[in-house]
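Structure, as structure tokens:
The values are calculated or read from the model by the stated rules, or taken from the named source; none is laboratory data. If you're wondering where the values come from, they're calculated on a predicted model, not measured in any experiment. Backbone-built Cβ (ideal geometry, glycine too); neighbour counts: all protein chains shown. Ligands, DNA and RNA are stripped out before the accessible areas are found, and what is left, the full protein with its side chains, is counted by its heavy atoms. Shrake-Rupley method; radii C 1.70, N 1.55, O 1.52, S 1.80 Å.
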Amino acid sequence: MKLVRRAEWGAPAVSASAGIGSTEGVKVHYLGTPYTSRPHDQCDDYVRSIRASHLANKAENYSDIAYSMLVCEHGYVYEGRGAHHRTGANGNATLNARHYAVCALLGSSGLTQPTDAMLHGIRDAIEYLRREGDAGDDILGHRDGYASACPGDPLYAWVKRGAPRPAAETPSAPQTPAPTAPEEDAMPQLLNEANSIDVPVGGSWLPLAFTDAVLHAGPRRHSTLVHLLLEDDVPDGTVIEGRFYLTDLQGKSPSAYLPTRHRHGGGLQFTCTTEVPQGRHLRFEVRALTPDGSPVRLLHRVASGLYWAAE
């Protein structure tokens, strides 16, 4: 999943919208206005423009961008209001409480056909909201239960088919053989990286990336450590949670979360000891649960562990 957090695209780290415990599922939307295909480096500009237009809409009195998540043609998923926040996009208060809203950056003219990358991104967003926001099984269109053409006929036809991921193309010629496992005496490299940063950490999970993704050496067991230093004035009662998980080399196909040990004192230290197959990344994300929902600032991070350098 190519997730772009709120703070990364220019919104406050935590939405000011009302909270919600769970929903019956997700409704899929489109922009409903002309939209032109664009390079990916312009997509966050457009997401910011949507938020600005929603905040300027005095009739609706939006507290934030209306959508839970947004997906561009390149397959990136932008965190809108996010998990456990009630959407403002489904038509009325009752409908907003029943389903999250995922909006494709797709127009009524111009770019009207969803790309395969976009369809994968919408599925990623749905699965994220199920995992992180207690969304139910429903996958519907905005027009289901509300008088609207949204999400447009091409995208709605896909929704009605159950929103399947696009099938991988069958290769027509022999492909390059998969890389062989390393020799038994091959040695993995040691990752030992420290970064001074200034990043807000709120109630949504924040992935922490390092210059070298941690990639363990095949079946060998080795502990990976992530050490975090937060600002001094963290509110009393704050709970900092971290978790490890596996993905493929592109950051997709996340696994279940792995057992994690942590301790306090001199910052926070999280450790995971597991067997990681070659060709899988071990990744880490963190969140801060403060009494008032405000974010705390992450000032420094350190990661150490064994990894195979990506080719």
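Using θ = phi - 60° in the Karplus curve 6.51 cos²θ - 1.76 cosθ + 1.60, the 3J(HN,Hα) couplings for region 115-121 round to 7, 4, 4, 5, 5, 4, x Hz; x is entered for Gly and Pro. For region 1-33 versus region 88-107, the spacing of their alpha-carbon centroids is 10 Å.
Find, among the GluC sites (Glu not before Pro) in region 1-90, those assigned to loop by DSSP (not H, G, I, E, B) with at most 16 other beta-carbon atoms within 10 angstrom.
Answer by residue number: 60.
Amide H to amide H, with H built 1.01 Å from N, residue 74 comes under 5 Å of no residue 5 or more places away or on another chain. Within the assembled protein chains, the solvent-accessible surface assigned to residue 225 is about 40 Å², based on a 1.4 Å probe.
For region 45-125, trypsin sites (Lys or Arg not before Pro) are listed when DSSP marks them as loop and at most 15 other Cβ atoms sit within 10 Å of their Cβ; the list is 58. Phi angles of region 33-45 translate, via the Karplus equation with coefficients 6.51, -1.76, 1.60 and θ = phi - 60°, into HN-Hα couplings of 10, x, 9, 10, 4, 8, x, 4, 5, 9, 5, 5, 4 Hz per residue; Gly and Pro are given as x.
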